[in-house]
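Read the structure below first, then the notes.
Every number here is computed from the coordinates shown, using simple stated rules; none is lab data. Being a predicted model, the structure only gives us computed values, none of them experimental. Glycine gets a Cβ as well: all are built from the backbone with ideal geometry, and neighbour counts include every protein chain shown.
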Amino acid sequence: MKLLYLNPNSTASMTEAVVIAARKALAGTAPGTEILGWTNAGAPPAIQGPEDGAAAVPGLLAQLPRARAEAVDAIVIACFDDTGLDEMRAAAHCPVLGIGQSAYAMAGLLGLRFSVVTTLAVSVPVIEGNIRRLGFAPGCASVRASGLPVLAVDAGGPEVCARLTAEAEAARRDDGAEAVVLGCAGMAHLHAALSETASLPLIDGVAASARLALAAAQTVAGSARG
């Protein structure tokens, strides 16, 4: 199987971190699975709000012919806003998942009421809209902005981890969350560090999407053989 992570923004370091996290999620469980990562050159350096998302969609769609030529078995949109998910699904030759969508689905499979901890307040309406549109609103306790820009999260560090941990604890204490969804692709590389101090489960959309994208690709392949 060949899984492709498409980063809607133009920051290559985020693409690399996402690919590492996805490979780690499947390590030892899916031998032979190849995980690729492509960066949307020419897009905004971070997707922060609907305007950035809209600007990124043409570049994502432009990569679909190459994805078909590479015969990828599933595509994952590596932005928590699930940028261009509907447009990509309609045009792609294979299953397309978003890391946000995958995180919500994983929380639902675990039966846990979740809160999302994301970056800036401008992203909250986008995420809330996605949760409603995808049918996950009954299981969502809240969407909370940490106030951290995407690229600050990607850079990491103790202060970033402390801020995200504080917001996760507030979700548990104030919103009744049973799990916290990490609401940014740039948080994937912080999952291990944050889990050391979190008092509730943390769901990383990159890891969730790797497992679910593989299952989706295998399902499609099985149907084709049948």
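Things to note:
- Counting Cα-Cα pairs of the chain in 10 Å increments starting at 0 gives whole-percent bin shares of 8, 37, 38, 15, 2, 0.
- The range 201-221 and the range 23-48: distance between their alpha carbon centers, rounded to Å: 12 Å
- Volume per residue of the convex hull around the Cα atoms, evaluated for the range 78-141, comes out as 86 Å³.
- Gain on full extension, evaluated as 0.36 nm per residue between Leu151 and Arg23 minus their Cα-Cα distance, stands at 43.9 nm.
- The modelled label-to-label distance for the pair Glu128/Ala69, using points 7 Å beyond Cα in the direction of Cβ, is 4.3 nm.
- Estimated FRET transfer efficiency (Arg89, Ser195; beta-carbon r; R0 35 Å; 0.05): 0.65
- Prolate/oblate/rounded call for the range 19-84, Cα gyration tensor, a/c under 1.5 rounded: oblate
- When the range 130-215 is described by a simple charge dipole with +1 on each Lys and Arg Cβ and -1 on each Asp and Glu Cβ, the residue from Ala179, Ser195, Ala137 located farthest towards its positive end is Ala137.
- The residue list Ala103, Val122, Gly32 was ranked by how far each Cα lies along the charge dipole of the range 1-128 toward its positive end, using unit charges on Cβ atoms, and Gly32 comes out on top.
- The angle between the Cα long axis of helix 158-175 and the main principal axis of the chain comes to about 80°, on a 0 to 90 degree scale.
- Taken about its Cα centre, the range 76-169 carries a charge dipole of about 260 debye when Lys and Arg each add +1 at the Cβ and Asp and Glu each add -1 at the Cβ.
- In this Cβ point-charge picture (+1 for Lys and Arg, -1 for Asp and Glu), the chain has a dipole of about 580 debye about its Cα centre.
- Per-residue extension of 0.36 nm, minus the Cα-Cα distance of Ala166 and Leu110, leaves a gain of 17.8 nm for this segment.
- By average C-beta atoms within 10 angstrom, highest first, the peptides 207-219, 140-152: 207-219, 140-152
- Distance distribution P(r), the range 28-143, all Cα-Cα pairs, bin width 10 angstrom from 0: 12, 42, 33, 13, 0 percent.
- Residue-span extension gain [Ala137 to Gln218] - 0.36 nm each, minus C-alpha spacing: 26.3 nm
- For the range 44-131, the relative contact order works out to 30 percent when only alpha carbon pairs closer than 8 Å and six or more residues apart are counted.
- Only DSSP H runs of four or more residues enter the estimate; each adds -39500 (n - 2.57), and after division by the residues of the chain the mean residue ellipticity at 222 nm equals -15500 deg cm²/dmol.
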